[in-house]
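Before any comments, here is the structure.
The values are calculated or read from the model by the stated rules, or taken from the named source; none is laboratory data. Small disclaimer: the values here were computed from a predicted structure and weren't measured. Neighbour counts run over all protein chains shown; Cβ positions are idealised from the backbone, glycine included. Just so you know, the surface numbers come from the protein's heavy atoms only, side chains and all, with ligands and any DNA or RNA stripped out. Shrake-Rupley method; radii C 1.70, N 1.55, O 1.52, S 1.80 Å.
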Amino acid sequence: MMTTETGATADPVHLGDSASSIMNKVQEITGQIPQKQLTVEDLRRMREPVKRLVEAGRVVAVQEDQDGRRSARITLQDGQLYLHPLLRQPTPAHAHTLQESEVVGMLEPSCTLAFLDLGWAGSTRGRVTIRLTPDTPLARQFVLLCTGQQDHTYRNTKLLQVWNKGQLGECVVGGDYKSNDGEGGAPLLPDLQEQYRESARAGAVGALGGPGAPRCAQFVITTRDRQDGVQWSYVFGDVVSGLDVVRAAVNHSDIREVTVVDCGVVLPL
């Protein structure tokens, strides 16, 4: 008979039991989660055994395609659960895997948060969190490029240029997932037309050229308010934290040295 620290007793482990049933009993006693039993609902509840697995980097989302398997890290930082982009990388040993489609299914259109980690001079300088306008095509495209679901991602792309530097309406352009030089960034979705917001406020996130433009997967982040009566069009999100990081990037000596070192979405708990 084995006794837990709380004094509760577990079923005895008999020598005649199969190896798998013995392992299940040991995992029940120690609070471990068998690999085949981890579910999306476990992530939502985030009980202590699952929390320890996530913190140890042992929970990943996977997607199979004709070229093999891709995997995405799931991390927990400051009480927030993050899904990072799908990459062709080895799955960590002893990892608990979930289907990417099931994990992305946790996202609710009304509360989608995406993030971009910006870095330069060899280090990550900070995280930019963006609240996306619910259920709009440009927002869905942005999520696809933050999660890499269609094999393209903003990860390792450069910021490309600054407009109106030091003036009202200052903004920065980035997101050329294709050629990383400002010439790429074709739309991923066939129809991006929608009734989008306009904004004159710093922190607005919009598409370069608007829906249907040849490079509309590139994004624009405004860093200073406009006060000339003109508003930015095709806004599909707003920076809710990390605008200071974008402003610091704008003031860097060469904007093309600033890189999106990581990206992804926030998963609701």
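Miscellaneous remarks
- Selection from the range 147-159 of residues that are open to solvent by less than 10 Å² (accessible area, probe 1.4 Å), under 17 Å from residue 258 (Cβ atoms) and not in a loop (DSSP other than H, G, I, E, B): 159
- Odd one out for residue 147, checked against (1) at pLDDT below 95; (2) touching a Pro at 6+ places or on another chain (Cβ under 6 Å): (1)
- Meets criteria (in contact with a strand residue (DSSP E or B) (Cβ under 8 Å, 6 or more places away or on another chain), basic (Lys, Arg), at pLDDT 95 or above and not in a strand (DSSP E or B)) for residue 201: yes
- Among the residues of the range 51-107, those that are farther than 18 Å from residue 151 by Cα and of a type in the set (D, E, K, R) comprise 51, 52, 55, 58, 78.
- Filtering the range 210-224 to residues that are assigned to a loop (DSSP other than H, G, I, E, B) and open to solvent by less than 60 Å² (accessible area, probe 1.4 Å) leaves 210, 211, 213, 216, 217, 218, 223.
- Scanning the range 223-244 for residues that are polar (S, T, N, Q) and either in contact with a helix residue (DSSP H, G or I) (Cβ under 9 Å, 6 or more places away or on another chain) or within 18 Å of residue 157 (Cα to Cα) (or both) yields a single hit, 223.
- Restricting 261, 240, 205, 246 to those that are open to solvent by 70 Å² or more (accessible area, probe 1.4 Å) and closer than 30 Å to residue 71 by Cβ reduces the list to 240.
- For the range 242-258, the set of residues classified as without any contact (Cβ under 8 Å) to a residue 60 or more places away in the chain and assigned to a helix (DSSP H, G or I) consists of 247 only.
- Selected residue [within 22 Å of residue 72 (Cα to Cα), in contact (Cβ under 8 Å) with a residue 60 or more places away in the chain and touching a Leu at 6+ places or on another chain (Cβ under 6 Å)] from 128, 172, 143: 128
- Scanning the range 188-202 for residues that are open to solvent by less than 50 Å² (accessible area, probe 1.4 Å) and not aliphatic (A, V, I, L, M) yields a total of 2.
- Residue 235 meets each of the listed conditions (1) in contact (Cβ under 8 Å) with a residue 60 or more places away in the chain; (2) closer than 17 Å to residue 85 by Cα; (3) not in a loop (DSSP other than H, G, I, E, B) apart from (2).
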